[in-house]
1. Give the residues of segment B:472-493 that are small (G, A, S), assigned to a helix (DSSP H, G or I) and surrounded by fewer than 23 Cβ atoms within 10 Å (Cβ to Cβ), sorted by residue number.
2. In segment B:331-349, which residue that is within 33 Å of the chain's Cα centre (by Cα) and over 18 Å from B:V477 (Cα atoms) is farthest from the other protein chains (Cβ to nearest Cβ)?
3. Of B:K210, B:K185, which residue is surrounded by fewer than 19 Cβ atoms within 10 Å (Cβ to Cβ), of a type in the set (K, R) and within 14 Å of chain A (Cβ to nearest Cβ)?
4. For segment B:32-58, name all the residues that are at the interface with chain A (Cβ under 10 Å from one of its Cβ atoms) and among the acidic types (D, E).
5. Given (1) more than 8 Å from chain B (Cβ to nearest Cβ); (2) at pLDDT 95 or above, where does A:I107 come up short, assuming only one miss?
6. More than 14 Å from every other protein chain (Cβ to nearest Cβ), on the phi > 0 side of the Ramachandran plot and either basic (K, R) or not in a helix (DSSP H, G or I) (or both), is that true of B:G13?
7. Do the conditions hold for A:I137, that is, is it within 24 Å of B:Q401 (Cα to Cα) and either more than 7 Å from every other protein chain (Cβ to nearest Cβ) or assigned to a helix (DSSP H, G or I) (or both)?
Amino acid sequence: MDRRDFLLSSSTGLAALSIPAVVSAAIGDKLLFPEVEKFTQQDWLTLATVQNHLFPSEEHAPGALEINALHYLHNFLGNPATDPVDIQFILSGTHSLQQFAKQNHSIPFAQLAIDEREKLLRKFEQQPEGRRWLTNILNYILESLLTDPVYGGNPEQIGWKWLEHRAGEPRPPANKRYWLL
Amino acid sequence: MSHDFDICIVGSGAGAGPVIFTLAHAGYKVLVLEKGPWYTEQDYFKDELKTSLRGGYTPDLRDEQHVVELENDDGSWKSFPTYQSSWNFWNGSVVGGSSNFMSGFFHRLKPNDFKLLSSYGPIERANIVDWPISYDDMEPYYDKVEKVVGVSGRVIDHPFQEPRSSKDFPFPPTMEHPIAGHIDKACERLGIHSMPMPRAILSQPALNRKSCVYSGYCGSYGCATGAKSSSRVALIDSAVATGNCDLRPHAMVTHIHSDQSGKVNAVEYIDKKGQQHAVDARLYVIAAQAIETSRLLLNSSGPKHPDGLGNNTHQVGKNLIFAGGGAGSGRLTYDKFSPEQVADLKQFGTFVNRSIQDWYEISDKDMFKTTAPQKGGTIDFVHLHPNPVARASRQTRGDGQLLWGKPLKDRIKEHFTEGRYIKVEAFCDWLPTDNSHVTLDPEVKDKWGLPVARIKVDVHVQNLKVGWYLANKSADVMREMGADNVLAFASGVPPTNLVAGGCRFGTDPQTSVLNPDCQVHDVENLYVTDGSFMPTGGSVPHTWTIYANAFRVADKILARLGGNKKTEYEPTRKTG
């Protein structure tokens, strides 16, 4: 069983997994970029859980896990072109959500049942900052789904294939990703 | 007196390229100062992140931004720096400027566009004027752009076809998507003239350039084959090959110095390493795109120009215009069409290339409360932009809340796989008013410490009326095509990539910045050749007219310098 099958077959989803397993599965064993050192394992778990909730895996449609959404987000937050303000925004929102979960349920967000997560995220969305954060997280998921695989998401063009999308040629090589040109 | 160069040109886009090309090929020493990098076809990829989501070809807004001033619903005004917003007025700070990223929808202005005031009369609160030149003055240069820069198309007879000196375009139309046939049939049933849209894209190898390869990603993207007629590939490459053109990328011009007589005597710029330089030339040209041209003039005060270069009558920055109009879309849902039609509709890469100009002039008493003809505009039919992230992101907008989870995935799947979208861009005049202009912001500065441009944007109600009229007409066509989910609307939001004015040309220095030759009235050795010169914008995208006018002014400059030093132009650009 590979890691994807393992995660998908987990009856209670990501919440049943240990923190190292989820984060390792999503962002691999690569060293964290210095820019994202402030993100703890707990933060990555919260982000992975939110991504999985917003864009769940289905039998015939890839979810956040299959499109490497956390790995993609990690790459975005760590690349040198990313505005530190954007990094801080993602981090602050993650902490706000964690705090919000504790206030409402007294347990970490990642341990909530799916319907409880939904209710909590909808409440979080009512706050202007919460909505802005969720909008951003959703956009990064969709980037992971549909940008060129050279950026770390959309492995083997899984997103393009799902949506019968034709990419344009020429595609960007690794040495000409946007922050390198 | 000796000079470093015969002519120094600030900028390298559509307003600069014709001057660079003409003078370099005529044997004059040309210096081009471009603030952005020098990319070639080998650097342009179909990369949505770089092109559209991360602003990869425009300055970092943390370093260089603008301040925008917009009107609230109650008539008060609000302003904000663009870094703190989703606005971005940069359009391509690279060699060749934003012409690298245009869609190349090329339409000429019509004869009446050169005399809007005398043709249609005044409109309250709009600073409409006639141009100091006529369509006949510009026509040879429109023709030149077709042949030298490269425009593909096919002329058909329709009510507002402008006069042409060449019978047809030099290059046949680019390949067309089957959806064009659906538009043609719908227009025929409605008694409307559907016309092939001219494109600044080569449909066959020519001019030492390759043909379009129909990647499906054109507008917003740099061209990897050289088929798109950017200023860089069509004009600058061959100018550089003459050996007469010194092109310096990463050169940010910070000040244009002028002497006691008011003439320009040096251009100061900062290179990539932050080192300051000054150069001089016999003549100078600014073509930094409308907003930045006005800003540079306003930032360049001198002994005879205390309020900014060429601004002694306080006209610099005034009458900024955009392209007015509307937009629309509809979906040809696959289950309403035969399998063969669906297979055709799913084709990818070729262009829609259809326009309607039947309402370039409108007579509609119900809409405009007058029997007098009104200036109308152009409807262009295009594909929905293929950028997949942008398309998917739009599906997250739910009813008062974000859509996520399976409902979002289902909607995205349907959007991408159950129909083909057609989109409309309608163009009308963006009327110039006293409240649309560029000034220097008193507080916000760029990374070099220079005041940034403060852009005040005013929307005249006539823009919206005409925009609605055109949008509704386009909706009729889409419904006749059998489209579902038809939406059409006028827009008061300024398209930040279609901007002109700010240094209008005219005969009276009290009401214009440039004379009819686009020389700054009271600066005898300085010209402005980008879209800044336009007093009104026509009801089409501006780019063809900017190219044509720059060729016209280039001829004036060439005559002033003494004419050709060399004989006729022979392409010297390398092949392969």
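The values are calculated or read from the model by the stated rules, or taken from the named source; none is laboratory data. Since the structure is predicted, the reported quantities are computational estimates derived from the model, not experimental observations. With ideal geometry, Cβ positions are generated from the backbone for all residues, glycine too; neighbour counts draw on all protein chains shown.
1. B:A475
2. Residue satisfying both the conditions and the ranking: B:D344.
3. B:K210
4. The answer is B:E41, B:D43, B:D47, B:E48.
5. Among (1) more than 8 Å from chain B (Cβ to nearest Cβ); (2) at pLDDT 95 or above, A:I107 violates only (2).
6. So B:G13 fails the test.
7. Yes, satisfied.
Residue-wise test of (1) at positive phi; (2) of a type outside the set (F, W, Y); (3) in contact (Cβ under 8 Å) with a residue 40 or more places away in the chain.
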residue: B:Y217; (1), (2), (3): no, no, yes
residue: B:A241; (1), (2), (3): no, yes, yes
residue: B:D307; (1), (2), (3): no, yes, no
residue: B:H314; (1), (2), (3): yes, yes, no
